[in-house]
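Note sheet for the following structure.
The values are calculated or read from the model by the stated rules, or taken from the named source; none is laboratory data. Computed from a predicted model, the values in this text were never measured in an experiment. All Cβ positions, glycine included, derive from the backbone under ideal geometry; neighbour counts span all protein chains shown.
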Amino acid sequence: MSDEEDDSEPAVELGDSTPVEGAPLARVTSRLTWPIEASEIDRLEGNSVIRTPEGPRELSAVIAEIDQTYFERHQEFETHVREVVGTGPVPTADR
């Protein structure tokens, strides 16, 4: 087998794709310009649904639970969001 053939096959068998509701938090925060106020995040992306270990949640509901009103960097915002929603496996949608 040549090196070219090795690269064309996935390293891990992925199987059937299982849908996951909501967008990854990083995808949502990448659409914003930092620094930014929490109210501006809510105005621009509050209707976005993000993936959480407890299932999908609207970002505006999560923002309402965060005491911080201004974020210098997306990492800071994501840390606060994860403190509210937790971390762990994200459930997949039922087929």
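Which of the residues belonging to segment 48-77 are assigned to a loop (DSSP other than H, G, I, E, B), of a type in the set (Val, Ile, Thr) and either more than 16 Å from PRO35 (Cα to Cα) or at pLDDT below 95 (or both)? It would help to see each step written out before you state the result.
Keep residues of segment 48-77 that are assigned to a loop (DSSP other than H, G, I, E, B), which gives 48, 51-56, 65-69, 72-73.
From the residues that got through so far, the ones that are of a type in the set (Val, Ile, Thr) too are 52, 66, 69.
Correct list: THR52, ILE66.
Please give the number of the condition THR29 fails out of (1) touching a strand residue (DSSP E or B) at 6+ places or on another chain (Cβ under 9 Å); (2) surrounded by 12 or more Cβ atoms within 10 Å (Cβ to Cβ); (3) within 24 Å of PRO91 (Cα to Cα).
(1)
Of the numbered conditions (1) of a type outside the set (Gly, Ala, Ser); (2) surrounded by fewer than 18 Cβ atoms within 10 Å (Cβ to Cβ); (3) without any contact (Cβ under 8 Å) to a residue 24 or more places away in the chain, VAL62 fails exactly one; give the number of that condition.
Result: VAL62 passes all but (2).
Scanning for something charged (D, E, K, R), surrounded by 15 or more Cβ atoms within 10 Å (Cβ to Cβ) and within 13 Å of ALA26 (Cβ to Cβ), does segment 44-59 turn up at least one residue?
Yes, because at least one residue in segment 44-59 is charged (D, E, K, R), surrounded by 15 or more Cβ atoms within 10 Å (Cβ to Cβ) and within 13 Å of ALA26 (Cβ to Cβ).
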